[in-house]
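What follows is calculated from the coordinates using simple rules that are stated; it is not laboratory data. These figures come from a predicted structure and were not determined experimentally. Glycine gets a Cβ as well: all are built from the backbone with ideal geometry, and neighbour counts include every protein chain shown.
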Amino acid sequence: MNDTPSAGTLAVAMVGHAFMGAAHSQAWRTAPRFFDLPLDPTMSVLCGRDAGRAAAAASRLGWAESATDWRSVITRDDVDLVDICTPGDSHAEIAVAALDAGKHVLCEKPLANTVAEAEQMAEAAERARAAGVRAMVGFTYRRVPAIAFARQLVAEGRIGEVRHVRAQYLQDWIADPEAPHSWRLDKERAGSGALGDIGAHIVDLTQFITQDRITEVSGQLVTFVKERPVAAEHSGLSGTAGRAGETAPVTVDDAAVFLAKFTGGAVGVFEATRFATGRKNAIRIEINGSAGSLAFDFEDMNVLHLYDATEPDETAGFKRILVTESTHPYVAAWWPPGHGLGYEHGFTHQVVDLVTAIAEGTDPAPTFADGLQVQRVLAAVETSSDTRLWQEIPA
Ligand code: SOE
């Protein structure tokens with residue numbers, strides 16, 4: 001059991017050090033410098049499979065030491081929290097072992113590669129909770145100020161009853177058929193393609209903003225490019241050419257589209273793709289309610305558009321709100337109005353909320369139970385695509 005980190009510190013071990021590992025590292029480094037945290041996170045150990053690469057990453061990203069065996073790291077007495085930044089195929093094993101060892105866990109999204117794994121993880125989190133151990137899944141975009149503000153406005157009734165939810169997550173990093181293969185294109189490692197990698201975000205975000213749940217879906221998955229060149233090296237989302245002529249099969253979806261019904265009666269249209277040429281990281285959400293609408297695009301992430309349908313017709317129109325005031329969620333800790341935040345700030349806010357919840361003995365949201373529910377939505381979309389039938393999401 002590990003409910004009280006010693007002397008006001010929270011010793012963190014991170015597993016994985018690629019794109020997400022770098023994003024999480026900057027968050028652990030930055031959060032205590034900009035926010036007054038109730039516990040002081042220490043970046044104790046970074047774990048990676050290759051000793052040389054792990055050591056280099058630890059020194060570059062600010063970790064005190066590196067290791068290669070996550071199993072021995074998660075049982076160390078001087079580790080309080082395990083941050084999982086590996087591909088989905090190892091989430092369940094690491095998270096369950098860490099929780100059973102009494103360590104708090106932050107796990108990258110999607111929670112797992114299958115519903116069965118996500119169920120095991122949610123059960124482990126529930127067991128650990130009784131001992132004051134906390135688990136959170138990293139749907140980081142919840143912590144973009146404009147998104148958190150959108151949720152506030154919906155909760156205050158500013159757009160009335162929610163009727164339409166329109167959500168897209170558009171990228172184009174593999175639109176070129178010569179873009180190299182990577183673990184994100186391998187079902188064994190990633191669970192699914194655009195659906196789980198980016199579709200999971202818009203499932204979480206729309207449910208977060210509306211505080212409602214998806215109950216039924218009808219979907220279609222498609223793989224446009226079925227074979228890709230093998231990469232010699234990978235960094236971020238791009239790779240360098242491997243041996244000439246060597247290819248590997250793409251075993252996941254390139255794009256996922258689906259219709260959804262929400263418990264509150266709203267209808268949803270979702271689209272997740274890595275083939276939207278020209279769209280780099282466009283998370284576009286529009287919500288239409290009985291008294292107004294909200295619209296957001298991550299490519300203009302400091303802005304939220306609000307339409308107030310109660311205003312007179314002559315002056316009504318979408319208002320462009322710059323979400324950079326100190327009264328907006330998370331903003332007070334940063335820059336003066338108009339100076340704006342970026343992609344990395346969501347990860348920093350995630351650390352702030354997680355550390356605060358641990359110190360206060362409350363559940364950090366989204367919990368593993370929330371992650372499991374998203375996983376069920378993803379699985380239902382897949383089944384619907386296979387069967388060509390609407391699928392209900394088990395409660
Ligand atoms: C790749 O599509 C990716 O890195 C996702 O895995 C992340 O969750 C998203 O934040 C950015 O794009």
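Things to note:
- Multiplying the residue separation of F34 and V303 by 0.36 nm and removing their Cα-Cα distance gives an extension gain of 94.6 nm.
- Length-normalised contact order for the range 6-141 - Cα pairs under 8 Å, 6+ apart - percent: 22 percent
- I393, I287 arranged by Cβ crowding within 10 Å, fewest neighbours leading: I393, I287
- Cα gyration tensor shape of the range 1-115, rounded if a/c is under 1.5, else prolate or oblate by comparing a/b with b/c: rounded
- Straight-line reach from K109: taking Cα to Cα under 22 Å and skipping same-chain neighbours fewer than 8 places apart, the lysines in range are K187, K280.
- Computed from the C-beta positions of A282 and T247, the FRET efficiency with R₀ = 30 Å rounds to 0.55.
- Of the GluC sites (Glu not before Pro) found in the range 301-345, those that fall in a DSSP loop while having at most 15 other beta-carbon atoms within 10 Å are E314, E325.
- With the helix formula -39500 (n - 2.57) applied to DSSP H stretches of n ≥ 4, the chain reaches a computed 222 nm mean residue ellipticity of -9500 deg cm²/dmol.
- For A395 and S59, the FRET efficiency from 1/(1 + (r/R0)^6), where r spans their Cβ atoms and R0 equals 45 Å, is about 0.40.
- Ranking of Y330, Y169 by count of other Cβ atoms within 10 Å, fewest first: Y330, Y169
- Rounded if a/c under 1.5, otherwise prolate or oblate - the range 124-176, Cα gyration tensor axes: oblate
- Net charge of Cβ neighbours under 11 Å - reference R284; Lys, Arg +1; Asp, Glu -1: -3
- Remark: the range 371-379, residue by residue, has Karplus-estimated 3J(HN,Hα) of x, 5, 5, 4, 4, 5, 5, 4, 5 Hz, where x stands for each Gly or Pro and the curve is 6.51 cos²θ - 1.76 cosθ + 1.60 at θ = phi - 60°.
- Modelled label reach - A316, point 7 Å along Cα→Cβ, the range 269-290 residues with backbone N closer than 19 Å: 286-290
- Spin-label model distance (nm) - T75 vs R49, 7 Å beyond Cα toward Cβ: 2.3 nm
- Modelled spin labels at T387 and E344, positioned 7 Å past Cα toward Cβ, are 4.6 nm from each other.
- Spacing of the modelled spin labels on E178 and E227, each 7 Å from Cα toward Cβ, amounts to 1.7 nm.
- Cross-link pairs K103/K261; K261/K319; K103/K226 - those with Cα-Cα distance over 30 Å: K103/K261; K103/K226
- Efficiency of FRET from Cβ geometry, A333 and A131, R₀ 41 Å, rounded to 0.05: 0.85
- By the count of neighbouring beta-carbon atoms within 10 Å, fewest first, S182, S290 end up ordered S290, S182.
- Gyration tensor verdict on the range 39-83 (Cα atoms; rounded if a/c is under 1.5, prolate if a/b is larger than b/c, oblate otherwise): oblate
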